[in-house]
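Okay, structure first, notes after.
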Amino acid sequence: MLKQDRWLLPEGIEEVFPEESAHIEYLRRKVLDLFATWGYRLVIPPFIEFLDSLLVGTGYDLDLETFKLIDQISGRMMGIRADMTPQVARIDARTASGDRPARLCYLGTVLHTQSDHLEKTRAPMQVGAELYGHAGKASDIEIIRLMLEMLAVMGIAEVHLDLGHVGIYRGLAQQAGLDAGQEAELFAILQRKDRTELLEFLEAARVAAVAAERLLALLDLNGPHAVLADARRCLGEAGEFVASALADLDAVAACLNRLFPALPVNFDLAELRGYHYQTGVVFAAFVPGYGREIARGGRYNEIGKVFGRARPATGFSADLRVLARLAGTDGDVAEVPAIFAPAVDDPDLHETIRNLRAAGRTVVQELPGQTENAQEMGCQSELRKLGLEWKVVGVDPR
């Protein structure tokens with residue numbers, strides 16, 4: 001019983017065994033190589049840092065998701081990263097040269113205090129890319145294209161894209177005269193898409209009839225491209241800010257339709273992923289049979305402000321372990337057949353083994369006193385000395 005207890009891991013913390021690890025590593029290399037071909041440079045933020053630096057400029061939700069502990073050296077509170085996006089924004093703020101665009105990417109484990117309702121893990125392997133220094137629609141489109149390309153190279157098929165725009169909600173909430181607390185409460189109601197609750201809130205907040213009607217309309221503005229025409233009819237008098245946001249969505253969708261004519265695109269104007277720090281177009285990728293998005297992102301122009309550089313920015317992130325489960329394994333590199341070498345202290349044997357490994361071959365050398373033979377060690381061939389040379393020969397199946 002004691003031994004079994006020592007095998008237990010905390011809830012939501014998992015080990016990854018060799019076969020799955022090999023699959024994840026294969027995809028990790030493919031993704032980072034893809035990012036590099038698009039000009040995105042890898043950064044490695046710290047796993048743990050002072051809490052006031054880690055959470056500055058982030059929302060309350062991220063604070064709740066962050067493990068906290070006391071640094072025994074400085075006595076200051078530290079946090080384990082729950083999201084790498086703010087860290088990468090800080091890196092850009094520190095390293096940006098002038099106003100030219102910067103492309104950064106990252107991949108690493110983050111830690112959450114709680115798991116979500118679908119994924120039980122509390123240690124996602126977050127992968128993402130961020131584009132800083134450009135405020136136009138072209139950078140939003142580039143980031144969405146890169147996300148779709150990442151899913152494609154992994155072999156993830158039947159991807160559906162959801163598009164929204166945080167600016168529409170922000171504009172309508174401002175017109176309704178809501179304070180920060182009411183705006184946050186309304187945000188939560190919209191995520192639940194509860195019409196009755198929304199009506200009760202609007203009445204209690206004494207929102208004017210026209211503004212209330214527009215906020216209620218958000219619940220129904222969900223569907224294919226025709227939704228944007230409906231939105232212009234419902235929200236046409238909502239001001240330039242909302243009109244500009246709708247125009248941005250229309251332009252992004254039109255470009256994506258030209259580039260990916262077979263890509264199903266859905267619009268949801270009440271979907272506010274990352275609302276607390278995102279400012280513009282938001283998007284998410286879905287696949288059939290999985291109950292939530294597999295990748296998501298959006299524009300967040302203000303996140304760098306607290307670091308002294310409020311550069312325009314857009315990006316996306318995903319959990320590589322989720323993607324690895326959804327990805328096919330047909331493209332994975334086949335396991336290299338192993339060669340078994342005897343436990344012989346022979347300089348010629350050592351040189352042969354070194355050359356084989358340098359050529360990418362797997363060589364497992366027998367240990368003194370070992371009783372298992374080549375076949376029992378999973379090797380398909382072995383090194384034998386034939387005359388004056390060591391040669392690779394097949395293992396006798398007997």
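The values are calculated or read from the model by the stated rules, or taken from the named source; none is laboratory data. What you are looking at is a predicted structure, and each value in this text was computed from that prediction instead of being measured. Here the Cβ is made from the backbone with ideal geometry for all residues, glycine too, and neighbour counts use every protein chain on show. The accessibility values were calculated without ligands, DNA or RNA, using every heavy atom of the protein model including side chains. Shrake-Rupley method; radii C 1.70, N 1.55, O 1.52, S 1.80 Å.
Some observations on this one:
- Positions within region 225-242 being crowded, with 16+ Cβ neighbours inside 10 Å and touching a helix residue (DSSP H, G or I) at 6+ places or on another chain (Cβ under 8 Å), in sequence order: Leu228, Ala231, Cys234, Leu235, Ala238, Val242
- Applying the condition of being touching a residue at least 40 places away in the same chain (Cβ under 8 Å) and within 27 Å of the chain's Cα centre (by Cα) to region 171-200 and asking which residue is farthest from Thr279 (Cα to Cα) yields Lys193.
- Complete set of residues in region 18-60 that are under 20 Å from Pro86 (Cα atoms) and open to solvent by 80 Å² or more (accessible area, probe 1.4 Å): Arg41, Leu42, Ile44, Phe47, Asp52, Tyr60
- The helices (runs of 4 or more DSSP H) found wholly in region 205-292 include none carrying at least 3 residues that are at positive phi.
- Scan of region 150-170 for residues that are under 16 Å from the mean Cα position of the chain (by Cα) and not in a strand (DSSP E or B), ordered by number: Met150, Leu151, Ala152, Val153, Met154, Ile156, Val159
- Taken together, the residues in region 109-139 that are open to solvent by less than 50 Å² (accessible area, probe 1.4 Å), more than 16 Å from the chain's Cα centre (by Cα) and not aromatic (Phe, Trp, Tyr) amount to 4.
- Selection within region 88-108: residues that are open to solvent by 10 Å² or more (accessible area, probe 1.4 Å) and hydroxyl-bearing (Ser, Thr, Tyr). The member of this set that is nearest to the chain's Cα centre (by Cα) is Thr95.
- All positions within region 1-30 that are touching a helix residue (DSSP H, G or I) at 6+ places or on another chain (Cβ under 6 Å) and of a type in the set (A, V, I, L, M, F, W, C): Ile24, Leu27
- Some residue of region 75-86 being within 22 Å of Thr121 (Cα to Cα), open to solvent by less than 50 Å² (accessible area, probe 1.4 Å), touching a Pro at 6+ places or on another chain (Cβ under 8 Å) and in contact (Cβ under 8 Å) with a residue 60 or more places away in the chain: yes
- Some residue of region 203-210 being of a type outside the set (Val, Ile, Thr), surrounded by fewer than 16 Cβ atoms within 10 Å (Cβ to Cβ) and farther than 25 Å from Glu240 by Cα: yes
- Selection from region 347-371 of residues that are in a loop (DSSP other than H, G, I, E, B) and exposed (fewer than 12 other Cβ atoms within 10 Å of the Cβ): Ala359, Gly360, Leu367, Pro368, Gly369, Thr371
- Listed conditions (1) exposed (fewer than 15 other Cβ atoms within 10 Å of the Cβ); (2) among the β-branched types (Val, Ile, Thr); (3) out of contact with any Gly (no Cβ under 9 Å at 6 or more places or on another chain) are all met by Val336, apart from (3).
- In region 196-207, the residues that are over 15 Å from Leu172 (Cα atoms) and out of contact with any helix residue (DSSP H, G or I) (no Cβ under 7 Å at 6 or more places or on another chain): Thr196, Leu199, Glu200, Glu203, Ala204
- Note on region 331-389: residues that are under 24 Å from Ser21 (Cα atoms), without any contact (Cβ under 8 Å) to a residue 12 or more places away in the chain and hydrophobic (A, V, I, L, M, F, W, C) total 3.
- Restricting attention to region 309-323, the residues that are under 21 Å from Ser139 (Cβ atoms) and either in a loop (DSSP other than H, G, I, E, B) or more than 9 Å from the chain's Cα centre (by Cα) (or both) total 7.
- Across region 263-284, not a single residue is classified as crowded, with 19+ Cβ neighbours inside 10 Å and farther than 21 Å from Ala188 by Cα.
- Looking across region 155-176, the residues that are open to solvent by 60 Å² or more (accessible area, probe 1.4 Å) and either at pLDDT 85 or above or closer than 11 Å to Ala270 by Cβ (or both) come down to Ala157, Glu158, His160.
- Residue list for region 381-398, restricted to those being in a loop (DSSP other than H, G, I, E, B) and surrounded by 15 or more Cβ atoms within 10 Å (Cβ to Cβ): Val395
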